[in-house]
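Enquirer: Please read through the structure below; I'll follow up with questions.
The values are calculated or read from the model by the stated rules, or taken from the named source; none is laboratory data. Everything numeric in this text was worked out from a predicted model, so none of it was measured. Cβ sites come from the backbone with ideal geometry, for glycine too, and all protein chains shown count toward neighbours. When the accessible area is computed, the model is the full protein with side chains, heavy atoms only, and any ligands, DNA or RNA have been set aside. Shrake-Rupley method; radii C 1.70, N 1.55, O 1.52, S 1.80 Å.
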Amino acid sequence: MSLAADFGVTLTQHVLTRQHLHPEARGQFSGLLTQIGVAGKLIAAQVRRAGLIEVWGKTGETNVQGETVKKLDRIANDTLKEVLRRSGCVAVMASEEEDDAVIVEPELSGEYVVAFDPLDGSSNIEASVSIGTIFAIYRRLPDAPGPAHLLRPGREQVAAGYIIYGSSTVLVYTDGRTVDCFTLDPGSGEFFLTRAAMAYRPVTRILSLNECNGPYWPGWVSPFLDEIKGRNDAEARRVTDRHIGSLVADFHRNLVKGGLFLYPVDARTGRGKLRLLYECNPLAFIAEVAGGAASWGGGRILDVQPTSLHQRTGLIIGAQADVALAERFVAEHG
Ligand code: P6P
């Protein structure tokens with residue numbers, strides 16, 4: 001048997017085979033994706049040791065969100081920032097853990113712009129629940145690097161993905177054509193293709209949200225949930241509830257098994273909790289390429305024009321039909 005049959009397609013091989021599809025590509029995209037994989041391995045190694053090396057302790061710092069920064073957040077942020085800087089592929093970065101845009105020095109500045117949440121779901125670290133890194137990639141603009149390179153509608157992304165540090169370390173990315181999933185083989189240190197061309201099931205089988213936010217929901221949410229749950233009857237349970245409280249893990253499970261995630265805005269303030277640039281935009285890009293949809297309630301997440309790096313939004317993301325149904329409930333109930 002030839003060796004070629006003995007192992008799967010690695011992340012680097014997958015990205016390189018795509019490179020010829022981009023006539024204008026000069027290898028930076030392939031290099032960037034590969035380096036994000038390197039950062040994922042480095043962060044995974046630290047996450048696996050959380051608790052053993054006391055990285056889950058609180059640093060006492062607070063980030064722009066006013067949340068206490070846990071050591072692992074800082075480690076993940078600094079790791080990704082440095083790997084992207086050294087890659088020579090990135091001109092500007094935004095991170096949940098950085099107040100301002102990070103401009104890469106001219107001698108290392110590259111063709112791409114990356115917005116990332118280095119460790120989404122970090123409140124789950126102590127409970128050893130799956131957490132992850134989420135990233136959005138844009139081509140840089142012709143003018144001088146700065147925040148403007150990031151304050152663009154999500155539809156301008158050229159790629160997006162996430163890395164989940166869970167029962168296994170999984171990297172999922174899309175270049176706009178397909179959504180592909182890679183699993184880290186600890187023995188070889190390589191990410192191998194495990195799910196090609198991922199697509200949403202057209203029917204929602206899982207409902208995922210924090211039901212304890214009920215008192216703060218706008219009027220459309222409860223009747224919408226009743227409509228979805230009303231699909232269960234004496235004959236069959238067609239929809240069930242699963243909520244991890246780690247967006248990246250809830251999103252991935254929903255993509256694999258067919259689920260709808262929602263985090264409505266707070267009716268008292270009209271503001272959402274989830275961040276647009278480095279949580280909702282990348283996941284919305286992935287969802288649309290996988291045949292799903294993502295809305296803030298009144299329109300497509302990817303059409304929102306950002307006005308600040310850390311702005312928040314409401315999110316409904318999953319199968320197209322049920323995202324559209326939610327929008328009809330928003331229009332009807334407000
Ligand atoms: P709540 C984690 O902090 C996070 O940003 C997402 O990963 C998660 O979906 C959400 O917040 C959970 O928020 O208000 O339900 O605790």
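Enquirer: Please give the contour-minus-distance gain from Arg195 to Glu107: 0.36 nm per residue of separation, less the Cα-Cα distance, rounded to one decimal in nm.
Expert: 27.9 nm
Enquirer: How far apart, in nm, are two points set 7 Å out from the Cα along the Cα-to-Cβ line at Arg155 and at Asn213?
Expert: So the two model labels end up 2.5 nm from each other.
Enquirer: Against the globular-protein guess of 2.2 N^0.38 Å, express the Cα radius of gyration of the range 176-241 as a ratio, rounded to two decimals.
Expert: Ratio of Cα Rg to 2.2 N^0.38 Å: 1.69.
Enquirer: For n ≥ 4 DSSP H runs only, could you compute -39500 (n - 2.57) per run for the chain, divide by its residues and tell me the 222 nm figure to the nearest 500?
Expert: Rounded to the nearest 500, the figure is -8500 deg cm²/dmol.
Enquirer: Write down the percent of antiparallel bridges among all DSSP beta bridges whose residues are both part of the range 206-333, to the nearest 5.
Expert: 65 percent
Enquirer: Compute the Cα gyration tensor for the range 3-195, then decide on rounded, prolate or oblate, letting a ≥ b ≥ c be the square roots of its eigenvalues: rounded whenever a/c is under 1.5, prolate when a/b is larger than b/c in the other cases, and oblate in all that remain.
Expert: Oblate, since a/c reaches 1.5 and b/c is not below a/b.
Enquirer: With a 10 Å radius around each residue's Cβ, average the other Cβ atoms per peptide and rank 264-272, 95-103, 165-173, highest first.
Expert: 165-173, 95-103, 264-272
Enquirer: If you don't mind, another one. Rounded to the nearest 0.05, what FRET efficiency do Thr62 and Asp100 have when you use their Cβ-Cβ distance and R0 = 22 Å?
Expert: 0.90
Enquirer: Let me ask another. In the range 115-268, what percent of the accessible surface is made up of carbon and sulfur (1.4 Å probe, ligands and nucleic acids excluded)?
Expert: Summing carbon and sulfur atoms, their accessible area is 52 percent of the total for the range 115-268.
Enquirer: Can you report the principal axis dimensions of the chain using only the alpha carbons, biggest first, rounded to whole angstrom?
Expert: So the three principal-axis extents are 57, 52, 46 Å.
Enquirer: Rounded, prolate or oblate, given the Cα gyration tensor of the range 190-334, with a/c below 1.5 counting as rounded?
Expert: Oblate.
Enquirer: With every protein chain kept in place and ligands, DNA and RNA left out, what is the accessible area per residue of the range 3-195? Probe 1.4 Å, answer in Å².
Expert: 41 Å²
Enquirer: Could you state the angle between the C-alpha long axis of helix 320-333 and the longest principal axis of the C-alpha atoms of the chain, as a value from 0 to 90 degrees rounded to the nearest 10?
Expert: Once rounded, the angle reads 50 degrees.
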